Structures are given as structure tokens and as C-alpha cells.
Amino acid sequence: MNILAFESSCDETAVAVVRDGRTVLSDAILSQADMHALYGGVVPEIASRKHVEAVAGLTDKALADAGLTKKDIDAVAVTYAPGLIGAVLVGVSFAKSVAYALGVPLIPVHHIRGHIAANYLAFPELTPPFLALAISGGNTLIVDVRDYTDMEILGATRDDAAGECFDKAARVLGLPYPGGKPMDELARQSAGGEYDLPRAHVEGAELDMSFSGLKTAVVNLAHNAQQKGEPLDAAALARDFTKAVSDELVPRAMRAIEMTGRTKLVAAGGVAANSIIRADLEAACAAAGVKLYLPPLRWCGDNGAMIGAQGYYEYLAGRRAGLDLNAYATMDLGSTK
Ligand code: KG4
């Protein structure tokens with residue numbers, strides 16, 4: 001079954017063709033990051049306009065790259081939540097028109113379910129149940145994936161997402177947007193151990209996380225140093241910051257493994273590209289005898305193929321949308337609205 005999949009929830013317009021949920025026939029993507037870098041972060045209205053400009057051309061490219069024509073498409077999948085509302089709406093509107101014109105089913109896909117499903121593309125042997133650590137620019141979740149379309153959030157950030165925290169910390173260190181990758185490169189230049197940064201604890205919810213205190217601590221440190229004219233060891237700060245994020249994520253993921261008895265841990269989302277967090281996850285899983293799935297970097301960030309992968313399993317579960325499908329800025333990933 002060939003699914004034409006659309007992703008437009010943030011600043012990447014992506015269209016892919018995926019066969020039977022596991023084989024990527026094409027994966028066309030256009031990042032707007034350079035444009036938003038001018039403003040130090042995503043400008044929602046610009047994102048929506050750029051999606052409108054890009055989506056039709058990328059659809060032609062995705063079909064051509066796959067060596068297929070429109071007649072070969074069996075269903076259309078689209079990210080309908082969560083994300084920047086105007087941006088998501090572009091993908092949803094376009095996908096609806098394509099599904100209508102081709103006379104094929106329309107499948108709504110939750111963006112974070114898509115990130116988790118990126119692992120099905122990388123690891124053909126991977127099947128649920130497993131535990132997922134979904135860490136992206138807008139979400140930070142520990143998810144019990146009981147089945148392909150049956151999942152429950154066990155822990156979540158109470159405030160900022162891990163990726164957002166990376167982007168803000170990078171900004172005060174003078175690094176370009178999006179800051180995760182340059183922070184990663186900078187952090188690797190130092191062993192750290194110079195800055196004492198906070199680790200949060202959410203009373204009564206041991207799997208929940210918080211990143212706003214850490215973000216504020218880094219912002220204050222940088223501003224204080226600037227105002228006093230004191231030097232800042234940016235590489236050490238990047239390293240200590242990343243360690244603090246990792247200390248928030250990795251022990252909680254391992255605790256969730258203990259609590260659920262799952263034997264597999266799957267990482268997902270843009271922050272899962274971080275080399276230090278990946279190394280910490282590898283060490284923790286090796287010590288606990290847990291099988292770890294770390295997606296290759298190309299499947300960590302937003303892409304259309306992950307929506308095609310999850311779309312296939314949503315299709316098998318009977319999930320369909322009508323032409324009244326709406327876009328949503330927020331949505332629980334357990335929801336089937
Ligand atoms: O999953 P993603 O592409 O978009 C969302 O669905 O949100 O994640 C983007 C986030 C950004 O905050 C970016 O800075 C972060 O992932 N990121 C990283 C790395 N590469 C991207 N964060 C830490 N280390 C990285 N190597």
C-alpha cells in the first residue's frame with residue numbers, strides 16, 4: 001500500500017511516499033530554518049506562507065522521486081496535530097484536496113506518533129510494545145506504546161520542551177537557530193563540570209519533567225557574565241547544560257522502563273539527535289539490559305516519511321478522516337479525536 005504523507009507542523013514542509021509503513025519510496029523536504037534564523041526562532045505566519053508556496057512542488061517531487069504517478073497512491077496521511085495552527089492547517093487543507101481529487105482515504109496522524117514511527121523505518125524488526133522517549137522542539141514525553149495505535153503518556157514536561165530549552169540556551173550563547181545542533185557541537189569541545197545547573201523534581205509525579213528553571217539559570221548566567229564583563233566558558237556551559245537536560249530525561253525513561261517492565265526503549269524527535277543524550281541512553285540501557293533503538297539522525301527531525309509510517313498503522317486500525325478534518329495546535333497523543 002502506497003501512502004502519500006504530508007508534514008507541515010512547524011518549519012519543515014515535507015512530503016513522502018511510504019510503502020506498507022516501512023519502506024520509504026521518497027522523502028521530499030524543504031526546511032525554512034534559514035529564514036526563521038533571521039528572527040532567532042520560528043515566525044508562525046512566515047511558516048504558514050512558506051508551506052503554501054512549497055507544498056505543491058514537493059508533492060510532485062515526492063511522486064517523481066518514488067517513480068510513481070498519482071494513480072499509484074492508495075491513501076493520503078497528514079499531520080493534523082499538534083503544531084503551529086496555521087502551519088498544520090496548510091498541510092491538512094492540501095492533503096484533503098489531494099485525497100478528494102484522487103478518491104482515496106484520508107488518514108489523520110498525530111505528529112508525535114509520527115516521530116515514534118520514524119523508528120519503524122530505521123528498524124524493520126521493531127514492533128510494539130515498547131517505551132518511547134519523544135523529545136522534540138515542542139514536546140517532551142515518556143510514552144508507553146502498547147500497540148501501533150494504542151499509547152499512553154506516562155510522563156511529560158510541565159513547562160518547556162527539551163528542544164525549546166536547547167534553542168533558548170543556544171540563543172544566549174550567541175549560536176544560530178535552531179540551536180540544538182550547534183550546542184551539541186560546542187558541548188563536545190569541553191568536559192564540563194564548571195557550572196552548577198539545577199535539576200528539577202516534580203513532587204508526586206516522578207516521571208514528569210521541567211526545563212524552565214534550567215533555561216532561566218542559563219539565561220541568568222550568561223547575562224550576569226555579560227553585565228559584569230566576566231568571561232564565560234561557552235563550551236563548558238553547553239556541556240553542563242546538555243548534561244542537565246540528559247539527567248532530566250534518561251533516569252526518568254529508565255524508571256518508566258522499570259515501572260512498565262518494557263524491554264525496549266525507543267528514542268524519537270529532534271533532540272534524540274543529541275550525541276551526549278544518545279551516549280547516556282546507550283550507557284543506561286546497556287547497564288539495565290534494555291534494548292535501545294536510536295533512530296539515525298535523518299529520522300530524528302521532522303519529515304514526511306514518519307507520517308507515512310504511522311499513517312499505515314492508523315489505516316490498518318481503521319482510522320479515517322472526512323473532508324471536515326480540522327487542524328489542532330495541541331492534542332494528547334492517546335486521543336483519537
Ligand atoms: O523534532 P523536531 O525536528 O521538531 C519538532 O517536532 O519540534 O525537533 C526540533 C528540535 C529543535 O529544538 C532543535 O534545536 C532540536 O530539535 N535539535 C537538537 C539537536 N538537533 C536538533 N537538540 C539537541 N541536540 C541536537 N543535536
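A compact table of results
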read-out: Rough spin-label spacing in nm, given labels placed 7 Å along Cα→Cβ, for Ser335 and Asp147; value: 2.2 nm
read-out: Zero-based 10 Å bins, Cα pair distances in the stretch 205-337, whole percents; value: 9, 28, 31, 21, 9, 2, 0
read-out: Count, lysine Cα pairs under 18 Å in the chain, 8 or more residues apart or across chains; value: 13
read-out: Spatial separation of Cα centroids for the stretch 8-72 and the stretch 109-155, in angstrom; value: 21 Å
read-out: Debye-sum result for the stretch 80-219 in log10 I(q)/I(0), which assumes one identical scatterer on each alpha carbon, at q = 0.10, 0.14 Å⁻¹; value: -0.48, -0.87
read-out: The stretch 186-337 - percent relative contact order, Cα under 8 Å, separation 6 or more; value: 21 percent
read-out: Rounded tilt (10° steps) of 85-102 against the dominant C-alpha axis of the chain; value: 20 degrees
read-out: If the convex hull is drawn through the Cα atoms of the stretch 236-295, its volume per residue in Å³; value: 72 Å³
read-out: Pairwise label distance in nanometres, His201 with Met35, each label 7 Å out on the Cα-Cβ vector; value: 4.6 nm
read-out: Inverse mean reciprocal Cα-Cα distance (Kirkwood Rh) of the chain, Å; value: 20.2 Å
read-out: Net length gained if the chain between Arg158 and Thr263 were fully extended (0.36 nm per residue, minus Cα distance); value: 35.1 nm
read-out: Estimated distance in nm for a label pair at Arg320 and Arg49, the labels positioned 7 Å out from Cα along Cα-to-Cβ; value: 3.9 nm
read-out: Over 18 Å [Cα-Cα, the stretch 1-146], rounded percent; value: 57 percent
read-out: For the stretch 35-162, accessible area per residue (1.4 Å probe, heavy atoms of protein chains only), Å²; value: 37 Å²
read-out: Cβ-based charge dipole, the stretch 33-151, positive-most Cα from Leu121, Val143, Val78; value: Val78
read-out: Heavy-atom accessible area per residue - the stretch 227-325, 1.4 Å, Å²; value: 39 Å²
read-out: Of all accessible heavy-atom area on the chain, the percent that carbon and sulfur account for (1.4 Å); value: 52 percent
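The values are calculated or read from the model by the stated rules, or taken from the named source; none is laboratory data. Predicted model only: the values in this text are computed from it and were never measured. Glycine also receives a Cβ, built like all others from the backbone with ideal geometry; neighbour counts cover every protein chain displayed. SASA here: full protein model, heavy atoms, side chains in, ligands and nucleic acids out. Shrake-Rupley method; radii C 1.70, N 1.55, O 1.52, S 1.80 Å.
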